[in-house]
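A.B. asks: Let me begin by handing over the structure; questions about it come next.
The values are calculated or read from the model by the stated rules, or taken from the named source; none is laboratory data. Remember, it's a predicted structure, so these values are computed and weren't measured experimentally. Ideal geometry is used to build each Cβ from the backbone, glycine not excepted, and the neighbour counts take in all protein chains shown. Surface areas here come from the heavy atoms of the whole protein model, side chains and all, with no ligands, DNA or RNA. Shrake-Rupley method; radii C 1.70, N 1.55, O 1.52, S 1.80 Å.
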Amino acid sequence: MSAARARLGVLVSGSGSNLQALLDASARGDYPAEIACVVSNVPTAYALERARRAGVPAVALDSKAFGSRAAFEQALGETLRTAQVEWVCLAGFMRLLSADFLAGFPGRVLNIHPSLLPAFPGLHAQRQALERGVKITGCTVHFVDAGTDTGPILAQAAVPVLPGDDEASLSARILSEEHKLFPLAVRLAVTGKVTLEGACTRVAAPPATQGLCLHNPGMPG
Ligand code: GRF
């Protein structure tokens, strides 16, 4: 029997394709993390269905049904602690988390964002990139702080903007890199390959190219 796997709680609000990438990774026996529960603040999110199909506990906590952010976060924290979650992954989770909530999982909350942060934080990152006319954008996995996409950066993939791109085509190209980067970043984080150093991280893994894209750190092999 291999070493105990890190227990992940994945927070979602929508389609959950990044959740699916984590589910697929954790289905492999050599992956160092398992998904202990999935929580959506949107009861109709398709991500919940993905979790159920994978046999993972799926919990809907309708953020609109709570009287305050504190009440919602209290319920969220209890749900995660009941599932003995050690690491929290935000996979298209469309809520900001307070410093109080984050203090319950110090240095153990990761988010994926569809731009090369610090460029284009917040909503519609791909549209922002197109409007600004950048030639390279991408995605970022970062530690979460109480700001909007401001925490220490763990991993990034650079993705080209191609002639004729619209928001849909660019989003799809970035998303396919997100599906590789997030499981990789989680693997590195839970296996102690990432050290937080103030506003930055030190990551013990080299970069790698993937077709037209550059991942840093990169996929092994
Ligand atoms: C992804 O682009 C992610 O970077 C952003 O929200 C989107 C979620 O997509 N935070 P999905 O629900 O994982 O398909």
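A.B. asks: Which residues, taken from the range 24-35, are open to solvent by 10 Å² or more (accessible area, probe 1.4 Å) and either assigned to a strand (DSSP E or B) or within 16 Å of the ligand (Cβ to nearest atom) (or both)?
C.D. replies: Asp24, Ser26, Glu34, Ile35
A.B. asks: Looking at the range 191-221 only, could you name the residues that are crowded, with 21+ Cβ neighbours inside 10 Å and hydrophobic (A, V, I, L, M, F, W, C)?
C.D. replies: Matches in the range 191-221: Val194, Cys213.
A.B. asks: A further question follows. Could you please give the count of residues in the range 96-107 that are within 16 Å of the ligand (Cβ to nearest atom) and buried (at least 21 other Cβ atoms within 10 Å of the Cβ)?
C.D. replies: Residues that pass the stated criteria total 1.
A.B. asks: Filter the range 168-221 for residues that are touching a helix residue (DSSP H, G or I) at 6+ places or on another chain (Cβ under 8 Å), at pLDDT 95 or above and among the small types (Gly, Ala, Ser) and give the result.
C.D. replies: Scanning the range 168-221 gives a single hit, Ser171.
A.B. asks: Now for a separate question. Report whether or not Phe93 is assigned by TED's automatic domain parsing to the domain that holds Ser15, open to solvent by less than 50 Å² (accessible area, probe 1.4 Å), among the hydrophobic types (A, V, I, L, M, F, W, C) and assigned to a loop (DSSP other than H, G, I, E, B).
C.D. replies: Here the answer is yes, as Phe93 does meet what is asked.
A.B. asks: Conditions first: (1) under 25 Å from Leu170 (Cβ atoms); (2) open to solvent by less than 30 Å² (accessible area, probe 1.4 Å); (3) without any contact (Cβ under 8 Å) to a residue 60 or more places away in the chain; (4) not aromatic (Phe, Trp, Tyr). Leu110 passes all but one, so which condition is the exception?
C.D. replies: Of the numbered conditions (1) under 25 Å from Leu170 (Cβ atoms); (2) open to solvent by less than 30 Å² (accessible area, probe 1.4 Å); (3) without any contact (Cβ under 8 Å) to a residue 60 or more places away in the chain; (4) not aromatic (Phe, Trp, Tyr), the odd one out for Leu110 is (3).
A.B. asks: Further question: For the range 162-172, which residues satisfy the criterion of being in contact (Cβ under 8 Å) with a residue 12 or more places away in the chain and open to solvent by less than 60 Å² (accessible area, probe 1.4 Å)?
C.D. replies: Listed by number, the residues that qualify are Asp165, Leu170, Ser171.
A.B. asks: Scan the range 63-74 and tell me whether some residue there is within 19 Å of Gly104 (Cβ to Cβ) and among the aliphatic types (A, V, I, L, M).
C.D. replies: Yes, the range 63-74 contains a residue that is within 19 Å of Gly104 (Cβ to Cβ) and among the aliphatic types (A, V, I, L, M).
Residue by residue, here is whether (1) in a loop (DSSP other than H, G, I, E, B); (2) over 21 Å from Ala185 (Cα atoms); (3) of a type in the set (A, V, I, L, M, F, W, C) holds:
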| site | (1), (2), (3) |
| --- | --- |
| Ala70 | no, yes, yes |
| Glu73 | no, yes, no |
| Leu110 | no, no, yes |
| Val134 | yes, yes, yes |
| Gln156 | no, no, no |
| Ser169 | no, yes, no |
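A.B. asks: Go through Arg50, Arg81, Arg28, Arg7 for me and flag whichever is among the basic types (Lys, Arg) and in contact (Cβ under 8 Å) with a residue 40 or more places away in the chain.
C.D. replies: Residue meeting the stated conditions: Arg7.
A.B. asks: Please determine, by comparing only the residues of the range 109-130 that are within 11 Å of the ligand (Cβ to nearest atom) and among the small types (Gly, Ala, Ser), which one is nearest to Asp149 (Cα to Cα).
C.D. replies: Gly122
A.B. asks: The conditions are (1) open to solvent by less than 20 Å² (accessible area, probe 1.4 Å); (2) away from the ligand (no atom under 11 Å from the Cβ); (3) not hydroxyl-bearing (Ser, Thr, Tyr), and Asn18 fails exactly one of them. Which is it?
C.D. replies: Asn18 satisfies all of (1) open to solvent by less than 20 Å² (accessible area, probe 1.4 Å); (2) away from the ligand (no atom under 11 Å from the Cβ); (3) not hydroxyl-bearing (Ser, Thr, Tyr) except (2).
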